[in-house]
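Read through the structure below, which is laid out as C-alpha cells, and then see the notes.
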Amino acid sequence: MIRLQQIEYHYPQHPPLFSGLDLEIPQGSLFGLLGPNGAGKTTLISLMTGQRTPQGGEVRIDGLDYRTQRAAILNRLAHIPQDYAFYPQLSALENLQFFAGLYPEMKRQRAAQIARALETTGLTEQAGRPAKHFSGGLKRRLNLAIGLLNQPRLIILDEPTVGIDPQSRHFILASIRALNEGGCTIVYTSHYMEEIEQICSRVAIIDHGRILEQGPLDQILGKHPLLRIDLDPQTPEVQLQPLLESLAAQGLERSGHVISGHPGNIDALPVLLQRLRERDIRVSGLSYGKQTLEKRFFELTQTHLRD
Amino acid sequence: MLLSVVQKEIRLVLKDPQALLVLFLLPVVFILIMSLALQDRMGGEHQEQPEVGLWIEDPAALEPELRKSFMALRGLRVIPVSQQDQLLRQLEDGDYLAAILLPKGFPATLSSPTSADTDKLQIRYAASLPMSLRRSVLGSVREALGAAQVRRLFTYDDISEAELQQRVDHLLGRTLVVTRTQGANEAAPPSSVQQSVPAWLIFSMYFVVLPIATTLLTERQQGTLQRLRTLPVSGAVLLAGKLIPYLVINLIQAALMILVGIYLVPLLTGEALQLGDNAWWLLPLILAVSLSAISFALLIATWARTSEQATTLGGVSNLILAAIGGIMVPTFVMPGLMQQIAALSPMNWALEGFFAILLRHGGGSQVAPEILKLLALSGILFSLALHFYRDLTDGKT
C-alpha cells in the first residue's frame, strides 16, 4: 500500500505544488494516475519513489518510511520511467546484468531473475542484441524487464506504451495485468484514457497539485451518469432554441442535435421527452449510464491547452 | 554492487571506439611525432649536432692542423663537400644550416691582416637559420681560427703537443672558465623523448574527461540516472564504480606510452627512453596523476548540464592546463613568469614528477611532493564531484 499523508511540496522559488495532499493506493490495486501536463504527476511519482523528499507530511510504502527504511522500500519497488532508461550500447542481457547487480539481496538468484525477466517480457531470443538496434516495442519491453528484476511488490509505470505498435501495446498491457493478478500493486500513468479504462481498477485525477477525484473507476464513472439524447438532424434550429432554458435547469446542454449532461433527477426524463414531442422534435437515439473516463477527465480539468 | 558498476563502465568504454582512439592512439602519435621532430632541438645524450658543409678550394694548401680544427668545430657536425656549387645548392635545399667556404687564398690571410675579401673565409647561412644559431656557427668558426692563430705563436718553441694545447686553451680562455647551471633546472633539460612521453601521457590521461562525461550525461539525458535514483545504491558507489575502470585504463595508457618510448621511438631513429634507477616510483606517481585526472573529469561531468557543455569545458580546460603546464611547450624554454604560471597546473606537477624520476633519477624525496599535491587535488575534486552527483542521484527536496 502507498499512503501519502498531508504532503507539502514546493520547488525553490515556486508557489507550493502540494498543500496537504492525501492519496492512498491500496495493496494489490491497479491504480491509474491521470492529469494534464504540469498537474504534478511526475513530482508525485518522484515522492512515491523516493527521488524527492516532501517538505511536510509523510510517504509510506507498505508501512515503511523513506526517512528510516529507504533501502527496504527500494528493494520492493520498481519505477519504470517513460524514457528508455538503460544503456543502448549494451545488449539486453548486459543491461539486465548491470541493473540486477545493484540489488545486493538478489546475489544468489541473479541469473534466475534475469532469465525470468527476459521470459516475462518475451526478450529471451533478443537477449544478446545491442539495445540500440531494438524497435520501440522491444525497447519498452526491455525497460519493463529491468523493472521486474527485483520481483517488486509495487511497480510504478510512467507512460509505458508511448510510441509503440498495437501488438507491443497489447503485450505490455497484458503483462501489467498479469503482474497485478500475481499480487503486485501497480501505479500506471498514461495520457491514453482508454488504456486506463481498460486495465485500471482505481484512478486518481490530479491537476494543479490537487487530487480532484479518486476512487474505484466504476464508482467515478457511475457517480455522474451521463444522459445523451440524439435529435433528428433534420430538425430546424428555430424549433430547438426554446429548449435551452429548460435544459440548463436540468443540468443538460445542447450541442448541435445532441443533448447531453448529468441530469439532477433522471425521473424528469419523461417530462423532457414529452416536451420534445410537443415541439414535434423527433428523438433518434437515447442512452443513459456510465460516462467515459475522457469525458470525466475533461469535466474536471477543462479542455484548455497546457504547457 | 560495485563490481557491476565497474563491469558496466568497462563495457561502455570498450564499445566506444572513438574514446579508445583518443585515449590510446592519439598519445602514441603525439609521442612519436614530437619525439622525432624535436630530437635535434632539445637536450639528450644522443642529440644530433646541426650539420654544416665545408668546402676547401685547395685542400693541399691548408695545414693539416687547421683542417683538423675545421672538421671538429665545437657543437657542429662538419660535412666536407668537394664542389662549391653543390654545397650551395644543398644549403638552399635545407641539407645544411650553413656552408663554410675556404678559398685558395685563405691560408695566406692567416698571416696578413689586410687581405682581399675574396681570399677570406666565408660563412653562408641558410635563409631560415635563427640568429642564435648563426651566432653559434660564427662563434665556433672564430674559435677554430683563434686556436690556429694561437698555435702559430708557438710554432718555433720546442714544447710537447700536450703543452702546446695547454697554452692554446689558456690563451683562448678555455681553462679560465667553469660553467654550471644554478637553481631548479640544475639537471640538463629533458631530451625530446623524456619530454614527449610523460607530457603526452599526462595529456591523454586527462582526456578521460570525454568518455566519463559522455557516459554520465547520457545517463542523465536518457533517464537512466532517474532509474538509478530508485535503486538501493548510493551515489558514492556509482561514482566509485566510474573511477576504478578509468584508473585501470590510465595504467594501461601509461604502460603503453612508456613501451612506445622505450621500443618504438628508437626504431624510428629517435632516442630510447631510459627509466633510471628509481623507476618503481612511476607507479605511485601514475596512480596519483590518474586519480587527479579522473576526479577532474567526474567534477566536470557532474557539474555540466549537457554533453556539449561537458565536452567543451573538459576539452578546453585540458588544453589550457596542458599549454600552461609545460606539456605543449617545455617549461625550460618559458620565461620566468610563465614558469611560475606553469607551476599552477596539475599537469605540470605530474610532469615534474616524471622528470624527477626519468631525468634526475630522483627517489621519494623528489617525487613525493608532486604525488602529495596531486592526491590532495584529487581528494578535493572527488569530494566536489560526489556532492554534485548526490544532488543528481539521491533523494532530495
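The values are calculated or read from the model by the stated rules, or taken from the named source; none is laboratory data. Here the structure is a predicted model, which means the values were calculated and not measured. Don't worry about glycine lacking a Cβ; one is built from the backbone with ideal geometry, like all the others, and counts go over all protein chains shown.
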Would you call B:Leu259 over 18 Å from the mean Cα position of the chain (by Cα), farther than 22 Å from B:Thr312 by Cα and modelled with pLDDT of 90 or more?
no
Output for Cβ contacts, cut-off 9 Å, separation at least six or different chains, first residue crowded, with 20+ Cβ neighbours inside 10 Å in segment B:1-29, second of a type in the set (Asp, Glu), reads B:Lys8/A:Glu94
Restricting attention to segment A:170-180, does a residue exist that is polar (S, T, N, Q) and free of Cβ contacts under 8 Å to residues at least 40 places away in the same chain?
no
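Would it be correct to say that B:Val178 is modelled with pLDDT under 85, farther than 17 Å from B:Leu102 by Cα and among the aliphatic types (A, V, I, L, M)?
Working: modelled with pLDDT under 85: yes; farther than 17 Å from B:Leu102 by Cα: yes; among the aliphatic types (A, V, I, L, M): yes.
Answer is yes for this residue.
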Could you grab me the full set of residues in segment A:262-288 that are under 19 Å from A:Leu221 (Cβ atoms) and at pLDDT below 85?
A:His262, A:Pro263, A:Gly264, A:Ile266
Return the total of residues in segment B:349-397 being under 14 Å from B:Phe296 (Cβ atoms) and within 16 Å of the chain's Cα centre (by Cα).
2
Which ones in segment B:1-41 are within 11 Å of chain A (Cβ to nearest Cβ) and among the basic types (Lys, Arg)?
B:Lys8, B:Arg11, B:Lys15
If you scan segment A:102-139, which residues turn out to be within 14 Å of chain B (Cβ to nearest Cβ), part of a helix (DSSP H, G or I), out of contact with any Phe, Trp or Tyr (no Cβ under 7 Å at 6 or more places or on another chain) and within 27 Å of B:Val237 (Cα to Cα)?
A:Pro104, A:Glu105, A:Met106, A:Lys107, A:Arg110, A:Ala111, A:Gln113, A:Ile114, A:Lys132
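Condition check ((1) polar (S, T, N, Q); (2) touching a Ser or Thr at 6+ places or on another chain (Cβ under 8 Å); (3) within 13 Å of chain A (Cβ to nearest Cβ)) across all residues:
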site	(1), (2), (3)
B:Leu228	no, yes, yes
B:Pro232	no, no, yes
B:Val237	no, no, yes
B:Gly241	no, yes, yes
B:Ile244	no, no, no
B:Ile249	no, no, no
B:Val260	no, no, no
B:Leu264	no, no, no
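Do you know which of the residues in segment A:46-99 that are of a type in the set (Val, Ile, Thr) and assigned to a helix (DSSP H, G or I) is nearest to the other protein chains (Cβ to nearest Cβ)?
Checked segment A:46-99; the qualifying residue nearest to the other protein chains (Cβ to nearest Cβ) is A:Ile73.
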Residue satisfying condition, being in contact (Cβ under 8 Å) with a residue 24 or more places away in the chain and either of a type in the set (Asp, Glu) or assigned to a helix (DSSP H, G or I) (or both), within set A:Leu212, A:Leu221, A:Leu227
A:Leu221
Restricting attention to segment A:174-214, report how many residues are in contact with a Pro (Cβ under 9 Å, 6 or more places away or on another chain), hydroxyl-bearing (Ser, Thr, Tyr) and surrounded by fewer than 18 Cβ atoms within 10 Å (Cβ to Cβ).
1
I want to confirm something. Restricting to segment B:367-397 and keeping residues that are surrounded by fewer than 16 Cβ atoms within 10 Å (Cβ to Cβ) and small (Gly, Ala, Ser), which single residue is farthest from A:Gly56 (Cα to Cα)?
B:Ala376
Does segment A:239-247 include one or more residues that are assigned to a helix (DSSP H, G or I), surrounded by fewer than 15 Cβ atoms within 10 Å (Cβ to Cβ) and under 33 Å from the mean Cα position of the chain (by Cα)?
no
Please name all residue pairs, on different chains or six or more residues apart, with Cβ atoms under 9 Å, provided the first residue is in segment B:339-360 and is among the basic types (Lys, Arg) and the second residue is crowded, with 17+ Cβ neighbours inside 10 Å and part of a helix (DSSP H, G or I).
B:Arg360/B:Gln366
Might you check whether a residue that is surrounded by fewer than 23 Cβ atoms within 10 Å (Cβ to Cβ) and touching a Lys or Arg at 6+ places or on another chain (Cβ under 7 Å) occurs anywhere in segment B:355-366?
yes
Condition broken by B:Leu247, with the remaining ones in (1) of a type in the set (A, V, I, L, M); (2) under 30 Å from A:Tyr103 (Cβ atoms); (3) outside any helix (DSSP H, G or I); (4) free of Cβ contacts under 8 Å to residues at least 60 places away in the same chain satisfied
(3)
Restricting attention to segment B:382-390, does a residue exist that is within 14 Å of another protein chain (Cβ to nearest Cβ) and either aliphatic (A, V, I, L, M) or out of contact with any Phe, Trp or Tyr (no Cβ under 8 Å at 6 or more places or on another chain) (or both)?
yes
Right, A:Ile146: facing another protein chain (nearest Cβ under 9 Å), crowded, with 20+ Cβ neighbours inside 10 Å, within 29 Å of A:Asn37 (Cα to Cα) and modelled with pLDDT of 95 or more or not?
yes
Residues satisfying the stated conditions in segment A:243-268, i.e. touching a Pro at 6+ places or on another chain (Cβ under 7 Å) and farther than 14 Å from A:Asp232 by Cβ:
A:Gln250, A:Gly251, A:Leu252, A:His262
Name the one entry in B:Ser191, B:Ser111, B:Ser140 that is within 30 Å of B:Ile31 (Cα to Cα) and hydroxyl-bearing (Ser, Thr, Tyr).
B:Ser191
Taking segment A:12-34 and keeping only residues that are out of contact with any Gly (no Cβ under 8 Å at 6 or more places or on another chain) and modelled with pLDDT of 90 or more, one is left with A:Asp22, A:Leu23, A:Glu24, A:Ile25, A:Pro26, A:Gln27, A:Ser29, A:Leu30, A:Phe31, A:Gly32, A:Leu33, A:Leu34
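Here is a yes/no grid of residues against (1) over 16 Å from B:Glu51 (Cβ atoms); (2) touching a helix residue (DSSP H, G or I) at 6+ places or on another chain (Cβ under 8 Å); (3) without any contact (Cβ under 8 Å) to a residue 60 or more places away in the chain:
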{"position": "B:Val81", "(1), (2), (3)": "no, yes, yes"}
{"position": "B:Gly94", "(1), (2), (3)": "no, no, yes"}
{"position": "B:Ala108", "(1), (2), (3)": "yes, yes, yes"}
{"position": "B:Ser111", "(1), (2), (3)": "yes, yes, yes"}
Answer yes or no as to whether A:Ile206 is closer than 22 Å to A:Gln5 by Cα and either of a type in the set (A, V, I, L, M, F, W, C) or not in a helix (DSSP H, G or I) (or both).
yes
